Structure formats: structure tokens, C-alpha cells
Amino acid sequence: MRKAQAKKLPLAPDARYNDKQVTRFVNNIMWQGKKSGAFNIFYDALAKVNKQTNEEGYEVWKRALSNVTPSVEVRSRRIGGATFQIPAEVRADRKISLSIKWMVKYSRDRNGRSMADKLANEIVAASKGEGAAFKKKEDTHRMAEANKAFSHFKV
């Protein structure tokens, strides 16, 4: 274990929207250090979202991300030989991380020709409150609700 917490490296905002959140999202899409390819996928996906919904792709993406962001989760805690799932609030930084990871993961799992197509479809679905990433958030909240009886243990 570390003596001190690792320092967070500052993220550079992306060129088109001047948003650090976009850079963070693209870093999760990226494979094998190919950041320019990941940016192309992201921008293509937003263009496709724009064409599908006749709304600004960036705004739809922001709405989708907020729809997928969880507020509570369950954490395992061992008490007296038994493991309990204890509901806990999600830290602000982790909320964003989880929503981004879920969007990218479930985009990859989708059927489609290119990653941009898959990502665009997942963004549109999540902005409407549908799709696998939104379902994951709902399941997480449902699990926390079901285990509310153990909340007095706190993590």
C-alpha cells in the first residue's frame, strides 16, 4: 500500500468542445494508446447521434452520461464470518468513472458495423433512458434498495 495517495494528473480539454469530460471519455474508448483513433470514433459517434436525433450530439451525450450516472452502489463488508452487501453513496469522481466505463463497455457489446455506430446507438438509447448502460444503473440502484436493511453497518 502507498504511503501517500497518488497525485491526479490534470487532463487536457479536447479541441472541439473544450471539455475535460470528453477527454476522459475518449481515454476510456482508447485501445493500445491510439488516442487520435479514439477521438475519431467519439466525434463520428456524435455526428451520427446528431443525424439520428436532429439534436446537438454533444448535448445528447451529456444527457446520456447523466442518465447513466449512479448515485448509490453496494459494497461488500465482512462481518462475523458473513459477507453483507451494504449500500453506500458513490463518490463524485467514481460516479463519472462508472458511467463512462458502463457506456463504453455496453457500446462494445452492442451489434453494429463500427465502434462509432455502436457508441452512437448506446448514447441515443441512454439519453432516452433505455439501453444496457442505463439498465446497469437501474440494477445497481435496485440492489442498493434491496439491501437497505444492512445500511446501519456502513462501510
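The values are calculated or read from the model by the stated rules, or taken from the named source; none is laboratory data. Since this is a predicted model, take the numbers as computed values, not measurements. Cβ coordinates were reconstructed from backbone atoms using ideal geometry, including for glycine residues, and neighbour counts include every protein chain displayed. Surface accessibility is based on the protein's heavy atoms, side chains included, excluding ligands, DNA and RNA. Shrake-Rupley method; radii C 1.70, N 1.55, O 1.52, S 1.80 Å.
Residue 59 falls short on exactly one of the conditions (1) crowded, with 17+ Cβ neighbours inside 10 Å; (2) over 18 Å from residue 104 (Cβ atoms); (3) acidic (Asp, Glu), and that condition is (1). Here is the figure for region 66-94: residues that are part of a strand (DSSP E or B) and either among the polar types (S, T, N, Q) or closer than 14 Å to residue 139 by Cβ (or both) total 7. Taking every residue in region 135-154 that is under 27 Å from residue 107 (Cα atoms) and pairing it with any residue that is among the small types (Gly, Ala, Ser) and assigned to a helix (DSSP H, G or I), at least 6 positions away or on another chain, the pairs with Cβ-Cβ distances below 8 Å are 137/99. Of all residues in region 110-141, those that are part of a helix (DSSP H, G or I), open to solvent by 60 Å² or more (accessible area, probe 1.4 Å) and at pLDDT below 95 total 0. For region 96-144, the set of residues classified as over 30 Å from residue 154 (Cβ atoms) and among the aliphatic types (A, V, I, L, M) consists of 104, 115, 116, 119, 120, 123, 124, 125, 126, 132, listed by residue number. Among the residues that make up region 37-48, is at least one of them surrounded by fewer than 13 Cβ atoms within 10 Å (Cβ to Cβ) and either more than 15 Å from residue 122 (Cβ to Cβ) or touching a residue at least 40 places away in the same chain (Cβ under 8 Å) (or both)? No, there is no match, as no residue in region 37-48 is surrounded by fewer than 13 Cβ atoms within 10 Å (Cβ to Cβ) and either more than 15 Å from residue 122 (Cβ to Cβ) or touching a residue at least 40 places away in the same chain (Cβ under 8 Å) (or both).
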